[in-house]
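Worksheet: one structure, shown below.
What follows draws every value from the coordinates through simple rules; no lab data is involved. As the structure is a computational prediction, the values presented were derived from the model and not from experiment. Positions of Cβ are backbone-derived with ideal geometry, glycine not excepted, and every protein chain shown enters the neighbour counts.
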């Protein structure tokens, strides 16, 4: 389903929910963080990470989702990379590039699907969805 968003066509089927600073990407079986989740929907998510993080550059990745505010940890989530771009942010040293990766969930178990849908539904009930920021004046990790 395509929706119009500010004159541009929105390709996502589900509305994105902007996440707080306590939402992380983790190694697939642990709570060792490697990125901060920017937004999430029922179909995927976007996150920031430092280019030095050991994230596979290939199309498919396996990871964990840790939403601390909701005390939710989902290990072994598999997703396909949709985009991976460098992000501009205010950093006087610019030695370590910051990247933004968008991913689409695939092959979720029934339990994982239910937990993600439940988390998204509770965020919608709290009306916490809003457009994402695109420029930063702080280090987002």
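Hey, what D do you get for the stretch 15-125 in µm²/s if you plug the Kirkwood alpha-carbon radius into Stokes-Einstein at 25 °C and 0.890 mPa s?
Translational diffusion coefficient: 172 µm²/s.
Listing 89, 49, 59 from fewest to most neighbouring C-beta atoms within 10 Å gives 59, 89, 49.
A full extension of the chain between residue 76 and residue 60 corresponds to an added length of 4.5 nm, given 0.36 nm per residue minus the alpha carbon distance. Sorted ascending by nearby beta carbons within 10 Å, beginning with the fewest, 31, 18 become 31, 18. Under the simplified labelling scheme, the residue 110-residue 18 pair shows an inter-label distance of 3.7 nm, with each label point 7 Å from Cα along Cα→Cβ. Using C-alpha pairs below 8 Å separated by at least 6 residues, the relative contact order for the stretch 15-125 is 26 percent.
In terms of other Cβ atoms within 10 Å, 73, 110, 24, 47 run from fewest to most in the order 110, 73, 24, 47. Between residue 99 and residue 83, the distance separating the two model label sites (each 7 Å from Cα on the Cα→Cβ line) works out to 1.5 nm.
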